[in-house]
Each structure stands twice: as C-alpha cells, then as structure tokens.
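One structure below.
The values are calculated or read from the model by the stated rules, or taken from the named source; none is laboratory data. Everything quoted here is computed from the prediction, not taken from an experiment. Because the Cβ atoms are built from the backbone with ideal geometry, glycine has one as well, and the counts that use them run over all protein chains shown.
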Amino acid sequence: MFDKILIANRGEIACRVIKTARKMGIKTVAVYSEADKDALHVELADEAVLLGPAPSRESYLVADKIIAAALQTGAQAIHPGYGFLSENEDFARRVEEAGIAFIGPKAHSIAAMGDKIASKKLANAAQVNTIPGHNEPILSAEEAVTIAAGIGYPVMIKASAGGGGKGLRVAFNDKECFEGFTSCRNEARNSFGDDRVFMEKFVEEPRHIEIQVLGDSQGNVLYLWERECSIQRRHQKVIEEAPSPFISDATRKAMGEQAVALAKAVKYQSAGTVEFVVGKDQSFYFLEMNTRLQVEHPVTECITGLDLVEQMIRVAAGESLAFTQADLKRDGWAIECRINAEDPFRNFLPSTGRLVKYQPPVATMESADPARYGVRVDTGVVEGGEIPMFYDSMIAKLIVHGRDRAEAIAKMREALNGFVIRGISSNIPFQSALLAHADFQSGNFNTGFIAQHYAAGFRAEDVPHEDPLFLVALAGFIRRKAREREAGITGQLPGHEVKIEHDYVALVSEGAAGEQTRHELHISEFVGHLGEALVRVGEQSFRIVCNSRLNDIRLTGTVNGEPFVAQAERGAPRQPLAYRLQHNGYAIVVNVLSPRAAELQALMPFKAPPDTSKFLLSPMPGLLVQIAAEPGQVVQAGERLAVIEAMKMENILLATQDDQDRRSAGQSR
C-alpha cells in the first residue's frame with residue numbers, strides 16, 4: 001500500500017480523497033493555485049505545493065508541474081479527482097512513466113473511452129446498444145446541417161472530448177444546428193483543447209441513467225447498480241439518486257451486464273461510469289463512459305456501503321476486489337443535490353465572492369466511512385472563504401440516505417432548509433422547488449423536466465409554500481422573543497420601560513413594486529415555557545416551540561407539534577428592520593410592528609429603484625471574450641451583444657429591447 005499520495009485537484013473532491021487517505025493511514029499532498037492558497041484542501045493535506053497563477057491552464061492543467069510536485073514530495077501515487085486532467089490519457093501515461101502510480105484506469109482505457117467517437121465504435125463491437133448517429137468528426141457547420149437532415153431532427157451535437165455539459169447542444173432545426181455546432185466547437189476548443197464534434201439522434205423524453213463499474217488488475221469487473229441523473233439543466237446534473245425510480249430489475253440487470261462487457265473490452269481498472277439514455281419503453285443506449293470518479297459517486301456509496309475512493313486506491317496498489325457481484329446488496333435510497341454558486345432567480349448567473357456565512361446542516365454520515373440513513377456534506381469551502389471566478393460553481397454536495405425514496409426526499413428537504421449560505425447566491429431555493437414538485441416526488445420525469453416546468457426561467461412564484469402564514473407567525477414569534485429580551489435590560493427609565501405587547505401587525509412585502517399585505521397578530525405566552533408561544537394570524541393559530549438563539553440564522557423547533565427547520569435574519573433590501581425568512585425554498589420579508597408603528601409606516605412613501613433598462617449591465621464578474629455589436633449599429637431585441645466567460649461557461653448577453661433611435665442599447669457598465 002502507498003505511504004503518500006498527491007491529489008491533482010482542488011475543492012470538495014480533493015478534500016474527499018484526503019479523508020479516505022487519512023482513514024487508510026496514507027499521507028497526502030495537495031496542489032493549489034494562487035487563488036486557492038487559503039483553500040480547505042490545502043489546510044487538510046499533510047503537504048501542499050503551489051502550482052502557479054489562478055487560471056487552470058497555468059496551474060491545475062499543467063501536467064509537468066503536477067508530476068514534479070509528486071517527485072519532489074515523494075508521493076508514490078496521484079489521484080486526479082474529476083475534471084482537469086482526470087481523463088487525460090497523456091497525463092496518465094506520463095505519471096506511470098515517471099514511476100508514479102495513477103489512481104485511475106490505464107492510459108489505453110482512457111484513450112479508448114475518452115474519445116466519444118471511438119468509444120461508440122468499441123461499444124458496438126462489444127454488443128452494447130448505441131444510438132444512431134454520425135460517428136466521424138464533422139468539419140463545418142454546413143456539413144453539420146446536411147448530416148442532421150439525414151439523421152432527422154432533433155439531433156444532439158457533442159464535442160468528442162466534452163463533459164460536464166460543455167460542448168453539447170440539442171438542435172431541432174437547421175438554424176439551431178448551424179449555431180449549435182459553432183458553439184460546441186468553440187467551447188470544446190477552449191475547455192479541452194480538442195474541437196472535434198460529432199452528432200447523434202436525440203432520444204425524446206429520455207432518462208439519463210448511469211451504471212457504476214469497478215474493475216481490478218486481475219480482470220474482475222463488477223457493476224455497483226445505477227444512478228438516476230435525469231434532473232438536469234443545460235445538460236448539467238442538478239439532482240442525482242440511487243437507485244432509479246424508473247427502471248425494472250430486468251432492465252437494471254441488462255444495463256449492468258452491458259456496462260461490464262464494455263469495461264472488460266478495454267481491460268478497465270479502477271472506478272468508472274457507463275452512461276445510458278433510456279427511453280419511455282426502457283430501451284437503453286450507450287452514451288459514453290467516464291473513466292474517472294463521478295461527482296455523484298456518494299449516492300452509490302450510500303446504497304452499497306463501499307468507499308469508492310478507497311477501492312480506487314487499493315486497485316491502483318495492485319489489490320484485487322475483495323467481493324463479487326453476488327456480494328453486492330442495495331440498501332435504502334440516496335439523493336444528492338449539487339449546491340452551486342449561482343442565482344436561480346437571475347437565470348442561474350454565476351455568483352462569486354466571499355462566503356460571509358457558511359453553515360451546512362449537521363452531518364451524520366462521513367464520506368470516508370459511510371454510515372446509514374443520515375446526512376452527508378462533501379465540500380471544499382469554509383466560512384469566510386472565497387468562491388473564485390476561475391473554476392466551476394460547486395460549493396458543496398448535499399447527500400442524504402433514507403430507508404426508501406419518500407424518506408430520502410423528506411430528509412433532503414429538511415437538510416436544504418438548514419443550509420445557510422450568505423454573501424453569494426446559491427441554487428438552494430431551486431433545489432427545494434424541484435424536491436417539492438409532484439412529478440419529481442412521483443418519479444414521473446425525464447431529462448426535459450426542468451425545461452418543461454421552468455421554460456420561462458425560475459421565479460419566486462415557482463416556490464409555493466404549503467402554509468405561508470407559518471412564516472408570518474414565526475416572524476411574530478421572533479419579534480416577541482426579542483421584546484422579552486429588551487424588557488429585561490437593566491437601567492431603563494422608570495415609566496418608559498420596554499413593554500411586552502400581545503398584539504402586532506405584520507407587513508409582508510410582495511412584488512418588485514413593494515406592495516404589502518397586512519396581517520393582525522396576537523401572541524400568547526405559555527407560562528413556564530420560555531421558548532414557546534401561541535401565535536394567532538387572523539383565524540389561524542400556530543403553537544411554536546423554538547429554543548434557538550435569537551441571533552441564529554437557522555431555527556429548529558416544532559409548529560403545532562410538527563418539526564421544522566427554517567432560516568430567519570434581520571435586515572432586507574430597503575427594509576433594515578424587517579425579518580427575512582426562508583422555508584422549503586420560499587422566502588418572505590416581514591416587518592413586525594406595533595399597531596401604532598404600522599399606522600405611521602403606512603404614511604411612508606415608496607422609492608422605486610432606478611430604471612436601468614437602457615443599459616447592458618454585466619450581471620456577474622467574468623472575462624469579456626467577445627463584443628458582437630459595432631458602434632452605430634442598430635440593435636434589435638434578442639440580438640447577441642457580448643459574451644462573458646465565468647466559471648468555465650460562456651454567458652451570452654442579449655439586447656432586451658429594439659434600438660429605435662440608432663443608439664446602441666448595449667452600453668457597457
């Protein structure tokens with residue numbers, strides 16, 4: 001077994017590998033860029049080596065520097081994590097040539113499966129079901145349109161070296177095919193240094209289901225069941241679960257056996273994933289094989305009890321698998337939500353900056369030693385840390401394990417309620433809305449789920465609450481408890497002491513114009529129960545028990561006997577004294593006042609925000625890679641004006657209105 005390994009990655013996956021190595025008694029070496037000098041993975045590792053400047057092409061993608069760091073520190077093996085150089089056959093080969101073990105598959109397996117065109121040919125030879133398409137590189141957008149006409153729309157345009165949703169487009173007509181080919185080629189060239197693009201038939205109403213495989217150097221290959229990855233946005237996974245709520249045991253077995261056949265065909269060693277697209281009739285077709293650890297591997301660890309990183313290390317050290325296919329059992333249901341730094345209410349724009357508050361829910365399972373039926377948080381950040389613009393947007397992975405799917409969904413909703421992130425935006429409200437959706441809960445979804453249900457984008461009204469008056473009552477409860485604390489302050493002037501009222505008025509702000517809904521509150525105390533009160537909102541009553549501190553953002557307790565986890569804090573835009581509360585993805589701003597203060601509040605004028613509709617404002621920090629408009633050009637609504645690159649994705653900025661008077665509608669600020 002190895003004494004020391006180097007992790008050629010960053011963020012949560014680097015921390016994940018370090019935890020397993022520590023459990024196995026193996027020392028670790030971290031590598032980092034200048035942007036990551038204070039990152040968590042650098043702190044956790046036994047040693048750390050600086051690679052270079054922040055851009056990944058000058059640090060995490062420079063193979064020479066990584067191999068030199070391993071030789072310099074005496075690391076006997078390198079774990080590549082996922083992304084960066086994890087599926088680079090040249091890197092894997094050079095690592096082995098330097099006398100260092102590569103904790104992953106052999107270079108020949110990466111070469112065979114990393115090229116999507118070659119992998120489809122190999123899959124056909126191994127009698128694995130494949131999708132009809134054009135498996136040779138397409139040289140021009142015009143040729144792409146001609147080929148698409150032969151296959152029949154819709155088609156999927158894919159970069160041969162793509163991954164993570166980059167270098168991939170779906171086209172339903174010639175125009176989309178022409179533009180999609182150009183975008184795919186550009187993204188592939190910029191992200192992977194390989195601009196080859198191919199095309200295949202797009203299976204409508206598909207599900208994305210993948211099989212986890214594990215092989216050793218003795219030729220043993222097993223499948224570790226499947227993961228359901230159909231909840232995707234722009235071809236990037238949002239929620240993953242294991243097992244799938246859709247396929248039958250017969251389909252599960254057939255997919256697993258085909259995945260093993262393909263892995264054996266390329267003499268696969270280590271952990272890998274064979275991805276399939278599955279039709280409504282449970283017909284399935286090979287998509288690609290990812291020759292690395294997947295982001296969503298924790299859900300497989302939960303249902304199998306295996307530590308996949310440990311298995312990768314043991315296989316790389318020459319050990320054979322210590323179990324057979326018959327030994328593998330499925331236990332319970334696991335779900336993973338990717339917590340990303342993006343604003344779902346602004347078309348998921350990347351959000352960068354400092355994590356002013358970062359309080360994940362309490363973890364009861366550990367990645368390196370998976371327990372049962374609990375909560376797990378895989379992350380590479382800490383409170384006060386920075387989310388830089390140079391890398392992907394993932395903050396953390398939130399994983400839950402339940403006895404069945406219903407229990408897992410309930411655990412995940414509660415865990416999301418308790419996940420506190422401030423300073424940047426996150427996609428937690430969107431995740432909460434997805435989990436609450438009736439079609440998700442019933443398992444009635446496919447890869448078009450998000451596009452179908454959120455075609456106009458994600459809005460506040462897309463997060464309904466079962467009982468929004470509960471949050472109004474909770475705001476009243478908090479205000480009453482604050483008044484009790486104020487009343488206990490010594491040194492108050494006689495006759496002017498703080499009085500504890502029973503009646504309040506709650507003003508709930510709604511809409512961009514700041515309209516307010518008024519609610520009458522009456523709050524009664526229960527003698528001897530300091531953390532308990534009965535709050536009446538109109539005709540509804542809420543018996544709230546909560547002993548969280550008043551300055552805690554995360555509140556836990558019961559309402560009418562049912563447990564809850566919610567978030568509350570003082571201060572909201574243009575309302576510094578109001579409370580902002582969140583529960584099940586739903587957010588509300590409540591100003592709790594005495595009846596007299598509410599009368600005076602009604603006299604205060606509302607100041608509308610300035611009109612910025614005539615300007616094109618960059619919605620996030622990023623690199624301006626293209627300006628598409630010329631000075632003096634007449635701009636039409638929807639016209640491409642500029643391209644901003646942030647967090648490894650291109651973001652196209654469009655004109656929001658016609659330029660009627662020949663002045664550009666896209667003045668940059």
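Given the condition among the β-branched types (Val, Ile, Thr), under 29 Å from GLN258 (Cβ atoms) and assigned to a loop (DSSP other than H, G, I, E, B), answer yes or no: does some residue in the range 51-67 qualify? No - not one qualifying residue is present in the range 51-67.
Remark: GLU200 falls outside the filter, which requires a residue to be surrounded by fewer than 17 Cβ atoms within 10 Å (Cβ to Cβ) and either more than 24 Å from ALA242 (Cβ to Cβ) or within 21 Å of the chain's Cα centre (by Cα) (or both).
Within the range 386-398, none of the residues are among the basic types (Lys, Arg) and surrounded by fewer than 21 Cβ atoms within 10 Å (Cβ to Cβ). Looking across the range 103-118, the residues that are in contact (Cβ under 8 Å) with a residue 40 or more places away in the chain, out of contact with any strand residue (DSSP E or B) (no Cβ under 6 Å at 6 or more places or on another chain) and buried (at least 18 other Cβ atoms within 10 Å of the Cβ) come down to LYS106, SER109, ILE110, ALA112, GLY114.
When the range 22-58 is filtered for residues that are under 25 Å from the mean Cα position of the chain (by Cα) and either assigned by TED's automatic domain parsing to the domain that holds THR352 or among the small types (Gly, Ala, Ser) (or both), the ones remaining, listed by number, are ALA30, SER33, ALA35, ALA39, ALA45, ALA54, SER56.
If I filter the range 44-87 down to residues being free of Cβ contacts under 8 Å to residues at least 60 places away in the same chain and acidic (Asp, Glu), which single residue comes out as surrounded by the fewest Cβ atoms within 10 Å (Cβ to Cβ)?
ASP64
When we screen MET389, MET394, MET365 for residues that are under 14 Å from CYS302 (Cα atoms) and touching a strand residue (DSSP E or B) at 6+ places or on another chain (Cβ under 6 Å), the only hit is MET365. For the range 173-182, the condition holds for no residue, the condition being that it is touching a Lys or Arg at 6+ places or on another chain (Cβ under 8 Å), of a type in the set (Ser, Thr, Tyr), outside the structural domain of GLU296 (by TED's automatic domain parsing) and in contact (Cβ under 8 Å) with a residue 40 or more places away in the chain.
Please work out if LYS614 is closer than 23 Å to SER393 by Cβ and either modelled with pLDDT of 85 or more or of a type outside the set (Val, Ile, Thr) (or both). Break it down into steps so the answer makes sense when it comes.
Working: closer than 23 Å to SER393 by Cβ: no; either modelled with pLDDT of 85 or more or of a type outside the set (Val, Ile, Thr) (or both): yes.
Here the answer is no, as LYS614 does not meet what is asked.
Which one of these is in a helix (DSSP H, G or I), touching a Phe, Trp or Tyr at 6+ places or on another chain (Cβ under 8 Å), among the small types (Gly, Ala, Ser) and farther than 22 Å from VAL17 by Cα: ALA123, ALA92, ALA112, ALA118? Unique residue meeting the criteria: ALA123.
Filter the range 545-555 down to the residues that are modelled with pLDDT under 95 and assigned to a strand (DSSP E or B), then identify the one that is surrounded by the most Cβ atoms within 10 Å (Cβ to Cβ). Across the range 545-555, the extreme among qualifying residues is CYS546.
Could you list, in sequence order, all residues of the range 1-52 that are polar (S, T, N, Q), under 12 Å from HIS79 (Cα atoms) and out of contact with any Gly (no Cβ under 6 Å at 6 or more places or on another chain)? The answer is THR20, THR28.
Considering (1) hydrophobic (A, V, I, L, M, F, W, C); (2) part of a helix (DSSP H, G or I); (3) modelled with pLDDT of 95 or more; (4) closer than 20 Å to ASP552 by Cβ, the lone condition that ILE421 does not fulfil carries the number (2). Filtered by the rule that a residue be of a type in the set (D, E, K, R) and either under 26 Å from LEU287 (Cβ atoms) or out of contact with any helix residue (DSSP H, G or I) (no Cβ under 9 Å at 6 or more places or on another chain) (or both), the range 429-466 gives ASP439, GLU461. Which members of the range 278-294 meet the condition of being surrounded by fewer than 24 Cβ atoms within 10 Å (Cβ to Cβ) and touching a residue at least 24 places away in the same chain (Cβ under 8 Å)? Correct list: GLY279, LYS280, GLN282, SER283, PHE284, TYR285, PHE286, GLU288, ASN290, GLN294.
Among the residues of the range 17-43 satisfying the criterion of being in a strand (DSSP E or B) and of a type outside the set (Gly, Ala, Ser), which is surrounded by the most Cβ atoms within 10 Å (Cβ to Cβ)?
Keep residues of the range 17-43 that are in a strand (DSSP E or B), which gives 27-33.
Still in the list and also of a type outside the set (Gly, Ala, Ser): 27-29, 31-32.
Details: LYS27: 19, THR28: 24, VAL29: 23, VAL31: 29, TYR32: 21.
So, considering only residues that are in a strand (DSSP E or B) and of a type outside the set (Gly, Ala, Ser), the one surrounded by the most Cβ atoms within 10 Å (Cβ to Cβ) is VAL31.
Kindly indicate whether any position in the range 490-512 is part of a loop (DSSP other than H, G, I, E, B) and either polar (S, T, N, Q) or within 21 Å of ILE231 (Cβ to Cβ) (or both). Yes, some residue in the range 490-512 is part of a loop (DSSP other than H, G, I, E, B) and either polar (S, T, N, Q) or within 21 Å of ILE231 (Cβ to Cβ) (or both). When residues in the range 165-192 are screened for being charged (D, E, K, R), closer than 25 Å to SER56 by Cβ and surrounded by 17 or more Cβ atoms within 10 Å (Cβ to Cβ), 4 of them pass.
Pick from ILE138, ILE117, ILE157, ILE110: which is of a type in the set (Val, Ile, Thr), on the phi < 0 side of the Ramachandran plot and modelled with pLDDT under 90? Unique residue meeting the criteria: ILE117.
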